[in-house]
Every structure is written in C-alpha cells, then in structure tokens.
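Heads up, the thing below is written out as structure tokens.
The values are calculated or read from the model by the stated rules, or taken from the named source; none is laboratory data. None of the values given here were measured: they were computed from a predicted structure. For neighbour counting, all protein chains shown are included, and Cβ atoms are generated from backbone atoms with ideal geometry for every residue, glycine included.
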Amino acid sequence: MNEDQPRSTRHVLACLGLEGGFMTAHELHQRIRCLGHPIGLSSVYRALRDLRSLGLVDVMVERRGQRRYRHCSVRPHHHLVCSACHSTVEIPANSSPLPAWEPVKALGFTDLLVRVTITGICADCTLRQNRRCRR
C-alpha cells in the first residue's frame, strides 16, 4: 500500500491488519470510526473491493450470505476460522487437509485456485464455553 492509495483504503487495510480474524464491513466501519477516522460505509465497501482486486484481502461468505473480510498473506493458503469469535489461522496450501485430487478431472476447469475454509471452535472459546457450563 502506498501514498497513492486513498486514505480510506489505507485506514481499512490498517484496521484489518490489527484484527486476527474476519470481520464484516459494518464492524470494520465502526472500528475505523472509533479510532477517530471519519469514513463512510460506502468508502469502506469501495476500499474492500479495491483491496480484494489487489489480492490483499480475502472474503469469506457465511451460511446466511454475510461477507467477512480479512487482510491475508499473499502466499497460497487456507483458513481455519473460529465460528464463535472469528479468529483465523492461515494454513499453508501445501498442507491441505483435503484428499488429493487432480485438476485435470475438475470438470474441465483450468487455472484452478483452491481455497478451503475450515470452521470450528478455537481453544479460547472452548475454554470460555466450558467455564460458563460449570457455573
């Protein structure tokens, strides 16, 4: 990211860099405003679109269609995401948990990009959940 990028795009990327997990555009908008930067929600969406086109932001679509965004590394990777707190761990693509498959057999598609998102409950959320159950 350089000085030629709009200020709103720099704020979005900086805020995403502070977070460890995926967040919605609305959550991102609130956090940037709480940090004292006036920004409109439409500017956040434009910045996310631009950052995605640059390959700096990944998007995850939840079951109900809600989109969550995260600043990711440029190396090929998959995501392990906590479904409670949305904390995220990047898993190198070469350590894929998927069984081997051959792109040639992928129904005629070429230039394939395989991205896997695995969801579960992280250790911290499991611990919090167990503490609540004991009370």
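Quick look at the values:
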quantity	calculated
Residue list for segment 4-42, restricted to those being of a type in the set (Ser, Thr, Tyr), free of Cβ contacts under 8 Å to residues at least 40 places away in the same chain and in contact with a Lys or Arg (Cβ under 9 Å, 6 or more places away or on another chain)	SER8
All strands (runs of 3 or more DSSP E) inside segment 17-101 with 1 or more residues being in the same structural domain as GLN129 (by TED's automatic domain parsing), under 21 Å from ILE118 (Cα atoms) and modelled with pLDDT under 80	77-82, 88-92
Residue in segment 40-50 that is within 20 Å of GLU27 (Cβ to Cβ), surrounded by 13 or more Cβ atoms within 10 Å (Cβ to Cβ), of a type in the set (Asp, Glu) and touching a helix residue (DSSP H, G or I) at 6+ places or on another chain (Cβ under 7 Å) present	yes
